[in-house]
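Reading through the structure tokens given below for one structure.
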Amino acid sequence: MRKPILSALEATRDIHRGATLCVGGFGLCGIPSACIRALRQHGTKDLTVVSNNAGVDDWGLGLLLHEPRQIKRMVSSYVGENKTFERLYLAGDLEVELTPQGTLAERLRAGGAGIPAFYTPTAAGTILQTGGFAIRNGANPILSEPREARRFGDRDYIMERAITGDFGLIKARRADRFGNVQFHVAARNFNPDAARASKVVVAEVEEIVDEIDPDNVHLPGAHVQRLVLAPDEPKRIEKRTVAASDSRGVDPLREKLARRAAQEFKDGQYVNLGIGVPSLAANYIPAGVTVSLQSENGLLGMGPYPAPDAVHPDLINAGKETVTLAAGASVFSSSDSFAMIRGGKLDLTVLGALQVAKDGSLANWIIPGKMVKGMGGAMDLVSSPSRVVVVMEHTAKGQRKLLDACTLPLTGVRCVHRVITELCVFDFFKGARPPLLVELAEGVSVEQVRAQTGFAFDVQKGALKTF
């Protein structure tokens, strides 16, 4: 069945006030920007938008957050670098449902598969289980209904409801006249999941061909109702990062942490690295060790930053940085990525933290009333079977970050195996025994560590290894 080829304005004209839209994209990568601008021209209001994030202030879905505000409610996992989104959220001027990234992808996938709900270990024991988290029409947070919880085997799970949309807006590399679609590397991300969950899907594409080889179709035409040809639509890059950046050097503290974190890599591991210092650890992989780096936006086998002339807006990592692909790499959708994570296919997760408690519980996604970035994929990663290593500074502005109990909303409960700071290395045992000090930074004493740590800990017997 051939699909109509329309302008962006025509394809979005019947998106009605109060509609629910599922929109593909990750950061600015793979976003249907022409359709979003068309929606801005229509002025359609009171929209509920389901998307991993809202672009940036002046591009992507960020355009619909400006006056006259068209989005009434966002269902997202990450506020990211959008200052307008963060300001509206903290002021209580926008209805926001923050959802773990993998849960968001699975809710869309389940909606498209006719599955009304599912159980996931992600966010069990956090505020999302006990009352959800949203801000609606006022500065004070209002907790949504608690999730139903069940125990399967020796683990706790919470029930999440599927998401479906009235309309879906997606971006693809090419389509054929039957609506079959191909995506390009990391621009795939949430696009297939957003399409499958929606009743009427508009696919904004760079090229339309007569027919795509059936063996190379990424999204079948049954999921696509309208095509928009936008071959010259500009693509913006949030964080243009190139190999030459390394020549400017790295902050000595960050380099010290990254070098020590890299010692956690074992040959043959599949590893997920969080934003910031954890990502820097990839520069210091020990000789003779080969690891495959996974990025939750849909890459396995990430290579180094590209040369300045090899940057591509469709190839970014979870930190929105431009990257390359190593030999043996693969690309996939967001729901496939988190199935890989939850299914225990990764060996190691390295990420940062705001706080870690003595039982290994972790907080790293929000400071209520002050800062919100969203949980992104962290809740999914720390609830997976992989080993979890936290890399962070020991204190922040003179305040302890290693505490008896986290004072910030949790990312995960009893999930951390090891913490690396500029002072030392601790191992954790899910609260069954006190944390164990196993290494000291050169020139640091046990007494110095005790003075800056908010919990009691044991010290490994014998001479402590230094780094």
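The values are calculated or read from the model by the stated rules, or taken from the named source; none is laboratory data. It should be emphasised that the depicted structure is a prediction, and the values quoted were computed from it without experimental measurement. Cβ placement follows ideal geometry from the backbone for every residue including glycine, while neighbour counts extend to all protein chains displayed. Protein only, heavy atoms only, side chains kept; ligands, DNA and RNA dropped before computing areas. Shrake-Rupley method; radii C 1.70, N 1.55, O 1.52, S 1.80 Å.
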Handout entry: Qualifying GluC sites (Glu not before Pro) in region 198-304, DSSP loop, other Cβ atoms within 10 Å at most 11
Key = Glu211
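Once fully extended, how much extra length lies between Lys72 and Lys397, figured as 0.36 nm per residue of separation less the alpha-carbon to alpha-carbon distance?
113.3 nm
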Practice task
For each pair in Lys45/Lys370; Lys373/Lys401; Lys358/Lys465, compute the distance between the two Cα atoms and list the pairs where it is over 24 Å.
Solution key: Lys45/Lys370
Fill in the blank from the handout: Expressed as a whole-number percentage, the relative contact order of region 1-79 with C-alpha contacts under 8 angstrom and at least six residues apart is 30 percent
Practice task
Past 20 Å, Cα to Cα, is the threshold; run Lys3/Lys235; Lys171/Lys320; Lys3/Lys171; Lys266/Lys430 against it and keep the listed order.
Solution key: Lys3/Lys235; Lys266/Lys430
Exercise for the section: Can you work out the accessible area per residue across the chain, with the rest of the protein chains kept in place, probe 1.4 Å, in square angstrom? Expected result: 41 Å²
Problem - Low-density loop positions, trypsin sites (Lys or Arg not before Pro), region 18-64 - DSSP coil, at most 16 other Cβ in 10 Å - result: Lys45
Handout entry: Convex hull of Cα atoms in the chain, direction-averaged projection (nm²)
Key = 22.7 nm²
Practice task
May I ask you to derive the FRET efficiency for Arg87 and Asp46 from their Cβ-Cβ distance with R0 = 25 Å, giving the value to the nearest 0.05?
Solution key: 0.80
Exercise for the section: Please work out the ratio of the alpha-carbon Rg of region 378-425 to 2.2 N^0.38 Å and round it to two decimals. Expected result: 1.20
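Apply the a/c threshold of 1.5 to the C-alpha gyration tensor of region 287-340 and tell me whether it is rounded, prolate or oblate.
Note, shape of region 287-340 comes out oblate.
Per DSSP H run of n ≥ 4, the term is -39500 (n - 2.57); total these for the chain, divide by its residue number, and report the mean residue ellipticity at 222 nm rounded to 500 deg cm²/dmol. Provide the component values of the computation, followed by the final result.
On the way: 11 runs with 80 residues, N = 467.
After summing the helix terms and dividing by residue count, I get -4500 deg cm²/dmol.
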Completion exercise
Shape call for region 196-264, from the Cα gyration tensor axes a ≥ b ≥ c (a/c under 1.5 means rounded, otherwise prolate when a/b beats b/c, else oblate), comes out prolate
Completion exercise
Within region 158-286, the percent of DSSP beta bridges that are antiparallel, given to the nearest 5, stands at 20 percent
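Ranking request for peptides 186-195, 165-174, 367-376: highest mean number of other beta-carbon atoms within 10 Å first, then the rest in descending order.
Highest mean packing first, the order is 186-195, 165-174, 367-376.
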Practice task
Measure off 7 Å from each Cα along the Cα-to-Cβ vector at Asp210 and Ala326, then give the distance between these two points in nanometres to one decimal.
Solution key: 4.2 nm
Practice task
Please give the contour-minus-distance gain from Lys345 to Asp58: 0.36 nm per residue of separation, less the Cα-Cα distance, rounded to one decimal in nm.
Solution key: 99.6 nm
Exercise for the section: Quick one: work out the % antiparallel among DSSP beta bridges in the chain, nearest 5. Expected result: 40 percent
Practice task
For the chain, give the percent of accessible area contributed by carbon and sulfur heavy atoms, probe 1.4 Å, rounded to a whole number.
Solution key: 49 percent
Handout entry: Charge dipole magnitude, Cβ of K and R +1, D and E -1 - region 356-450, Cα centre, debye nearest 20
Key = 320 debye
Handout entry: Computed label-point distance, nm, for sites Tyr284 and Lys370 using a 7 Å Cα→Cβ extension
Key = 2.8 nm
